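Chemist: Quick one: this structure, given as structure tokens, is what I'll be asking you about.
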Amino acid sequence: MSENLDVLNRYLFEDLHVRGEIVQLKQSFADIIGSHNYPEPVTQLLGELLAATSLLTATLKFEGEISVQLQGDGPVSFAVINGNHQQQMRGVAQVNGPIAGKDLKALMGNKANMVITIMPKQGERYQGIVALQGDTLSESLEHYFETSEQLTTKIWLDVDVAKLRAAGMLLQVLPDSQDKQQQHQDFDHISQLTATVKSEELHTLDAEQVLYRLYHQEKVRVFEPQPVVFKCSCSEDKCLAAITNLSKQEIEDHIEEYMTIDMTCDYCQKTYHFDRQKLQPILNPQTQH
Ligand SMILES: [Zn+2]
């Protein structure tokens, strides 16, 4: 059994106009689920979203962050995964009502969108919104790539909820290719090979073994693997900044009643406590040095 999980591998077909990615996740997925007690279909959805966001993050050509958010009028009002170019991921879902089914519509409702936000460290942020298409997240993502990037893309997502494992593969035509017909043929050929991947293989074999099984007749160049980790970006300073949005009176009243203001991060569920002492910079800014 493979121990090389929580790794993203990018690869390229030397003689074809296609590139690919494979991601296999366990600990990062478990950390995101944490003690949230999500219903099983929501855990499944977050696993798919995590694998998808990791794959998308690896398509970035620059340093920055990406967030893939689903919003809808169903029992799950939103589910989001944020990732950055270092493959540091976090995510959360909001469940508002009883869940009657497993598919995307049953979870997100009939009016649901996928919002993809790309935030480069330098440069402008970009947001793409597509209506959720079909029954699966991968179909919606393929549609997103087709419309926003004009790049033929295929995505496979696979989650084992019982073992908390999530995996995904992505194939994409190379944008610089001239011969469109050849590009299509190459892409179809590699897609057919990739579609034969078994869930069991994705979750238990090393990426190298999976790629060998699928593409042993092709010349594949595999790049340096990238570890994927759960990392929350919350901090005491960010919470304090949020508290400054309250009025001085609201803060005083709350402290009077509860002794502290407690803020719990939606993503990692860490609670930050602010007692009167810690709130001095807000309550008495003039005493600050
Ligand atoms: Zn946090």
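Chemist: I'd like the residue in segment 268-289 that is within 16 Å of the ligand (Cβ to nearest atom) and surrounded by 15 or more Cβ atoms within 10 Å (Cβ to Cβ) and, out of all such residues, is nearest to CYS234 (Cα to Cα).
Modeler: Per the stated criteria, the residue is CYS268.
Chemist: A further question follows. With respect to LYS231, is the statement that it is in contact (Cβ under 8 Å) with a residue 40 or more places away in the chain and within 16 Å of the ligand (Cβ to nearest atom) true?
Modeler: Details: in contact (Cβ under 8 Å) with a residue 40 or more places away in the chain: yes; within 16 Å of the ligand (Cβ to nearest atom): yes.
Yes; evaluated as a whole, the condition is true for this residue.
Residue by residue, here is whether (1) within 16 Å of the ligand (Cβ to nearest atom); (2) on the phi < 0 side of the Ramachandran plot; (3) assigned to a strand (DSSP E or B); (4) more than 23 Å from the chain's Cα centre (by Cα) holds:
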| residue | (1), (2), (3), (4) |
| --- | --- |
| TYR212 | no, yes, no, yes |
| LYS238 | yes, yes, no, no |
| ILE255 | no, yes, no, yes |
| ASP262 | yes, yes, yes, yes |
| ASP266 | yes, yes, no, no |
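Chemist: Which is out of contact with any Leu (no Cβ under 7 Å at 6 or more places or on another chain), away from the ligand (no atom under 16 Å from the Cβ), under 30 Å from MET169 (Cα atoms) and not in a loop (DSSP other than H, G, I, E, B), of GLU224, GLU201, GLU250? Let's see the steps before the verdict.
Modeler: Details: GLU224 fails: not in a loop (DSSP other than H, G, I, E, B); GLU250 fails: under 30 Å from MET169 (Cα atoms).
It is GLU201.
Chemist: A further question follows. Filter segment 144-170 for residues that are within 12 Å of LEU55 (Cβ to Cβ), touching a residue at least 40 places away in the same chain (Cβ under 8 Å) and not charged (D, E, K, R) and give the result.
Modeler: Selection gives ILE155, TRP156, LEU157, ALA166, ALA167, GLY168, MET169, LEU170.
Chemist: Moving on to the next point. Tell me which residues, restricted to segment 134-156, are of a type outside the set (Lys, Arg) and surrounded by 17 or more Cβ atoms within 10 Å (Cβ to Cβ).
Modeler: Filtering segment 134-156 for residues of a type outside the set (Lys, Arg) gives 134-153, 155-156.
Those that are of a type outside the set (Lys, Arg) and surrounded by 17 or more Cβ atoms within 10 Å (Cβ to Cβ): LEU137, SER138, SER140, LEU141, GLU142, HIS143, TYR144, PHE145, THR152, THR153, ILE155, TRP156.
Chemist: Every residue in segment 175-192 that is out of contact with any Lys or Arg (no Cβ under 6 Å at 6 or more places or on another chain) and in contact (Cβ under 8 Å) with a residue 24 or more places away in the chain, please. Give the derivation first.
Modeler: Let us first name the residues in segment 175-192 that are out of contact with any Lys or Arg (no Cβ under 6 Å at 6 or more places or on another chain), namely 175-190, 192.
Passing the criteria: PRO175, SER177, ASP179, GLN182, GLN183, HIS184, ASP186, PHE187, HIS189, ILE190.
Taken together, the values in this text are just the output of simple stated rules run on the coordinates, not laboratory data. All of these numbers come straight from a predicted model, not from anything done at the bench. All Cβ positions, even for glycine, are placed from backbone atoms using ideal geometry, and neighbour counts span all protein chains on display.
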